[in-house]
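This report concerns only the one structure given below.
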Amino acid sequence: MKQVIIVRHAKSVPYGYDDDFNRDLTGRGIEDAKKISKKLYKSGIVPDLVIASPATRTMHTATIYCQNLGIDATSIRQEDELYEGLTTHQFVELLHELPKEVQTVFIFGHNPAVHSLVYNLVNGFLSDMPTCATVAIDFEVDRWQDVSARRGKIAFQITPKSV
(Lines give C-alpha, C1' and ligand atoms only; values in the text may rest on other atoms or scores of the structure.)
Protein backbone atom coordinates (compact mmCIF):
# COMPACT_ATOMS: atom_id res chain seq x y z
CA MET A 1 0.00 0.00 0.00
CA LYS A 2 1.10 3.57 -0.71
CA GLN A 3 -0.18 6.54 1.28
CA VAL A 4 -0.35 10.20 0.28
CA ILE A 5 -1.04 12.70 3.05
CA ILE A 6 -2.05 16.08 1.68
CA VAL A 7 -1.80 19.10 3.97
CA ARG A 8 -3.07 22.60 3.30
CA HIS A 9 -0.73 25.16 4.88
CA ALA A 10 -1.76 26.52 8.28
CA LYS A 11 -3.50 29.89 8.81
CA SER A 12 -1.41 32.69 7.34
CA VAL A 13 -1.32 36.46 7.62
CA PRO A 14 -3.78 38.22 5.31
CA TYR A 15 -2.88 38.88 1.71
CA GLY A 16 -1.58 42.40 1.31
CA TYR A 17 0.50 42.26 4.48
CA ASP A 18 3.39 41.08 2.33
CA ASP A 19 3.70 39.67 -1.14
CA ASP A 20 1.79 36.39 -1.43
CA PHE A 21 4.82 34.11 -1.68
CA ASN A 22 6.38 35.44 1.54
CA ARG A 23 3.29 35.46 3.74
CA ASP A 24 4.01 33.65 7.01
CA LEU A 25 1.81 31.87 9.53
CA THR A 26 -0.24 33.56 12.22
CA GLY A 27 0.06 32.52 15.86
CA ARG A 28 -3.08 30.43 15.44
CA GLY A 29 -1.61 28.79 12.35
CA ILE A 30 1.52 27.82 14.25
CA GLU A 31 -0.54 26.33 17.09
CA ASP A 32 -2.82 24.44 14.68
CA ALA A 33 0.19 22.92 12.90
CA LYS A 34 1.69 21.86 16.25
CA LYS A 35 -1.58 20.27 17.43
CA ILE A 36 -2.18 18.26 14.28
CA SER A 37 1.42 17.12 13.84
CA LYS A 38 1.59 16.00 17.48
CA LYS A 39 -1.62 14.02 16.98
CA LEU A 40 -0.09 12.34 13.93
CA TYR A 41 3.05 11.49 15.90
CA LYS A 42 1.00 9.95 18.73
CA SER A 43 -0.81 7.87 16.10
CA GLY A 44 2.51 6.60 14.71
CA ILE A 45 2.15 8.36 11.36
CA VAL A 46 5.55 9.43 10.09
CA PRO A 47 6.32 10.03 6.40
CA ASP A 48 9.23 8.63 4.45
CA LEU A 49 9.31 11.80 2.37
CA VAL A 50 8.03 15.37 2.74
CA ILE A 51 7.38 17.56 -0.30
CA ALA A 52 6.25 21.19 -0.02
CA SER A 53 5.56 24.32 -1.98
CA PRO A 54 8.47 26.74 -1.43
CA ALA A 55 6.14 29.54 -0.23
CA THR A 56 7.01 30.74 3.28
CA ARG A 57 3.70 29.71 4.89
CA THR A 58 3.85 26.22 3.39
CA MET A 59 7.48 25.63 4.32
CA HIS A 60 6.79 26.91 7.85
CA THR A 61 3.86 24.48 8.18
CA ALA A 62 5.97 21.59 6.84
CA THR A 63 8.83 22.49 9.19
CA ILE A 64 6.54 22.42 12.22
CA TYR A 65 5.19 19.01 11.18
CA CYS A 66 8.73 17.69 10.70
CA GLN A 67 9.86 18.98 14.10
CA ASN A 68 6.95 17.25 15.84
CA LEU A 69 7.33 14.04 13.82
CA GLY A 70 11.05 13.74 14.57
CA ILE A 71 12.14 14.43 10.98
CA ASP A 72 15.02 16.65 9.90
CA ALA A 73 13.32 19.67 8.32
CA THR A 74 16.28 20.16 5.98
CA SER A 75 15.11 17.01 4.18
CA ILE A 76 11.93 18.73 2.93
CA ARG A 77 11.88 18.57 -0.86
CA GLN A 78 10.61 21.81 -2.37
CA GLU A 79 8.52 21.64 -5.54
CA ASP A 80 7.93 24.99 -7.22
CA GLU A 81 4.91 23.62 -9.08
CA LEU A 82 3.03 23.14 -5.80
CA TYR A 83 2.91 26.92 -5.35
CA GLU A 84 1.08 27.53 -8.61
CA GLY A 85 -0.94 24.33 -8.29
CA LEU A 86 -0.68 21.09 -10.20
CA THR A 87 -3.39 19.48 -12.27
CA THR A 88 -4.39 16.02 -11.08
CA HIS A 89 -2.51 14.51 -14.02
CA GLN A 90 0.67 16.44 -13.12
CA PHE A 91 0.31 15.45 -9.46
CA VAL A 92 -0.08 11.76 -10.33
CA GLU A 93 3.03 12.05 -12.51
CA LEU A 94 4.91 13.49 -9.52
CA LEU A 95 3.80 10.46 -7.46
CA HIS A 96 4.89 8.09 -10.25
CA GLU A 97 8.43 9.43 -9.89
CA LEU A 98 8.72 8.71 -6.15
CA PRO A 99 11.33 6.16 -5.06
CA LYS A 100 9.91 2.67 -4.51
CA GLU A 101 11.10 2.57 -0.88
CA VAL A 102 8.80 5.50 -0.01
CA GLN A 103 5.56 4.17 1.47
CA THR A 104 4.11 7.40 2.90
CA VAL A 105 4.60 10.89 1.47
CA PHE A 106 3.39 14.18 2.93
CA ILE A 107 2.55 16.91 0.40
CA PHE A 108 2.12 20.50 1.64
CA GLY A 109 0.31 22.90 -0.67
CA HIS A 110 -2.34 25.55 -1.18
CA ASN A 111 -6.05 25.79 -1.89
CA PRO A 112 -7.83 25.51 -4.23
CA ALA A 113 -5.32 23.00 -5.63
CA VAL A 114 -5.13 20.73 -2.56
CA HIS A 115 -8.91 20.40 -2.35
CA SER A 116 -9.09 19.63 -6.06
CA LEU A 117 -6.35 17.01 -5.73
CA VAL A 118 -8.06 15.24 -2.85
CA TYR A 119 -11.37 15.36 -4.70
CA ASN A 120 -9.82 13.85 -7.83
CA LEU A 121 -7.61 11.25 -6.15
CA VAL A 122 -10.59 9.65 -4.43
CA ASN A 123 -13.99 9.08 -5.95
CA GLY A 124 -15.35 12.42 -4.81
CA PHE A 125 -14.49 14.33 -1.64
CA LEU A 126 -17.42 16.20 -0.16
CA SER A 127 -15.63 17.88 2.72
CA ASP A 128 -13.75 21.16 2.66
CA MET A 129 -10.05 21.86 3.22
CA PRO A 130 -9.68 24.56 5.86
CA THR A 131 -6.21 25.79 6.69
CA CYS A 132 -4.02 23.02 8.14
CA ALA A 133 -6.45 20.31 7.01
CA THR A 134 -4.60 17.01 6.75
CA VAL A 135 -6.07 14.24 4.59
CA ALA A 136 -4.56 10.77 4.18
CA ILE A 137 -5.32 8.83 1.01
CA ASP A 138 -4.49 5.14 0.70
CA PHE A 139 -3.78 3.46 -2.62
CA GLU A 140 -3.91 -0.34 -2.73
CA VAL A 141 -0.82 -0.61 -4.94
CA ASP A 142 2.75 -1.77 -4.47
CA ARG A 143 4.34 0.73 -6.86
CA TRP A 144 3.88 4.47 -7.18
CA GLN A 145 3.64 4.00 -10.94
CA ASP A 146 0.31 2.23 -10.36
CA VAL A 147 -1.32 5.17 -8.55
CA SER A 148 -4.12 6.76 -10.54
CA ALA A 149 -6.90 9.28 -10.04
CA ARG A 150 -10.18 8.13 -8.48
CA ARG A 151 -8.54 4.99 -7.01
CA GLY A 152 -7.62 6.33 -3.57
CA LYS A 153 -9.53 5.81 -0.35
CA ILE A 154 -9.67 8.36 2.46
CA ALA A 155 -7.86 6.88 5.47
CA PHE A 156 -8.45 9.88 7.74
CA GLN A 157 -9.02 13.62 7.77
CA ILE A 158 -7.88 15.94 10.55
CA THR A 159 -8.72 19.62 10.82
CA PRO A 160 -7.80 22.09 13.56
CA LYS A 161 -11.38 21.98 14.87
CA SER A 162 -11.31 18.17 15.11
CA VAL A 163 -8.25 18.09 17.39
I'd like to know if the range 99-112 contains one or more residues that are among the hydroxyl-bearing types (S, T, Y), surrounded by 13 or more Cβ atoms within 10 Å (Cβ to Cβ) and closer than 21 Å to D128 by Cβ. no
Test for G44: is it at positive phi and surrounded by fewer than 14 Cβ atoms within 10 Å (Cβ to Cβ): yes
With criteria (1) without any contact (Cβ under 8 Å) to a residue 60 or more places away in the chain; (2) in contact with a Phe, Trp or Tyr (Cβ under 9 Å, 6 or more places away or on another chain); (3) surrounded by fewer than 18 Cβ atoms within 10 Å (Cβ to Cβ); (4) among the hydrophobic types (A, V, I, L, M, F, W, C), A55 comes up short on (3)
Tabulated pairs, the range 6-27, first surrounded by 14 or more Cβ atoms within 10 Å (Cβ to Cβ), second aliphatic (A, V, I, L, M) and in a strand (DSSP E or B), C-beta under 6 angstrom, 6+ apart or interchain: I6/I107; I6/V135; A10/L25; S12/L25
Cβ-Cβ distance below 7 Å, separation of 6 or more or different chains: which pairs start in the range 104-115 with a residue that is on the phi < 0 side of the Ramachandran plot and end on one that is in a helix (DSSP H, G or I) and crowded, with 21+ Cβ neighbours inside 10 Å? F106/Y65; F108/T58; F108/T61; F108/A62; G109/T58; G109/L82; H110/T58
Please go through the range 144-158 and give me each residue that is in contact (Cβ under 8 Å) with a residue 60 or more places away in the chain, not aliphatic (A, V, I, L, M) and not in a helix (DSSP H, G or I), ordered by number. G152
Given R8, R57, R77, R28, which one is farther than 29 Å from E140 by Cα, at pLDDT 95 or above, basic (K, R) and touching a strand residue (DSSP E or B) at 6+ places or on another chain (Cβ under 8 Å)? R57
Can you name every residue in the range 20-58 that is small (G, A, S) and part of a helix (DSSP H, G or I)? G27, G29, A33, S37
Report yes if Y83 is in contact with a helix residue (DSSP H, G or I) (Cβ under 9 Å, 6 or more places away or on another chain) and either surrounded by fewer than 17 Cβ atoms within 10 Å (Cβ to Cβ) or more than 20 Å from R151 (Cα to Cα) (or both), otherwise no. yes
Selection from the range 61-111 of residues assigned to a helix (DSSP H, G or I), more than 24 Å from R23 (Cα to Cα) and of a type in the set (V, I, T) yields T88, V92
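The values are calculated or read from the model by the stated rules, or taken from the named source; none is laboratory data. Everything numeric in this text was worked out from a predicted model, so none of it was measured. So basically every Cβ, Gly included, is an ideal-geometry build from the backbone, and we count neighbours across all protein chains shown.
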